[in-house]
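Student: Dropping a structure here in structure tokens format, bear with me for questions.
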Amino acid sequence: QVQLVESGGGLVQPGGSLRLSCAASGAGLNFNYMGWFRQAPGKRRELVARANKYGLTLYLDSVEGRFTISRDNAKKMLYLQMNSLRPDDTAVYYCNTIPPEEGYWGQGTQVTVSS
């Protein structure tokens, strides 16, 4: 059974950086596409960034140039480097396959951008 565990969130000032990590257990990161999602209070969950196993990436327009997704299939890890953070990046961030599997959603990691 696949389990995805996110970590690395926290409170950061506008303009700051965070690096999120997603550890997969129960299976390797053999899925072609993996992605980072986020859900802000009162809003729908949205796809922020995705990467396939060959390194092809795609980003939400609002994070393009600020966020970088990467994966280490051998270590079963997915990462999201977030720079130049803004208050509207505040959300709970999750990793999952694409398309997402309902049973794979973890607890997420809270990112709060505030001065």
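The values are calculated or read from the model by the stated rules, or taken from the named source; none is laboratory data. Predicted model, so just to flag it, every value in this text is computed and none were measured. Note that each Cβ is placed from the backbone with ideal geometry, even for glycine, and that neighbours are counted across all protein chains shown. In case anyone asks, the SASA skips ligands and DNA or RNA and just uses the protein heavy atoms, side chains included. Shrake-Rupley method; radii C 1.70, N 1.55, O 1.52, S 1.80 Å.
Student: Which cross-chain or sequence-distant (5 or more) residues have an amide H under 5 Å from the amide H of Gly10, H modelled 1.01 Å from N in plane?
Tutor: Val111, Thr112
Student: For the stretch 24-115, which whole-number percentage of the solvent-accessible area (1.4 Å probe, protein heavy atoms only) is attributable to carbon and sulfur atoms?
Tutor: 48
Student: With a point put 7 Å past each Cα toward its Cβ, work out how far Gln39 is from Arg19 in nm, to one decimal.
Tutor: For Gln39 paired with Arg19, the spin-label model returns 2.8 nm.
Student: Sticking with this structure for a sec: Taking H placed 1.01 Å from N in the peptide plane, check which residues at least 5 places from Arg86 or on another chain put their amide H under 5 Å from its amide H.
Tutor: Placed amide hydrogens put Gly15 under 5 Å from Arg86.
Student: With N denoting the number of residues in the chain, provide Rg(C-alpha) divided by 2.2 N^0.38 Å, to two decimal places.
Tutor: Relative to the rule-of-thumb radius for its length, the chain sits at 0.98.
Student: Could you give the length gained by full extension between Ser62 and Ser114, i.e. 0.36 nm per residue of separation minus their alpha carbon distance, to one decimal place?
Tutor: Between Ser62 and Ser114, full extension yields 16.9 nm more.
Student: Continuing with the same structure: Under a straight-distance cross-link criterion of Cα-Cα below 16 Å, which aspartates and glutamates are reachable from Lys75, leaving out those fewer than 8 residues away in the same chain?
Tutor: Glu6
Student: Compute the accessible area per residue over the chain, keeping the other protein chains in place, probe 1.4 Å, unit Å².
Tutor: Per-residue accessible area for the chain comes out at 54 Å².
Student: Which whole-number percent gives the relative contact order of the chain, counting Cα pairs below 8 Å spaced six or more residues apart?
Tutor: So the answer I get is 37 percent.
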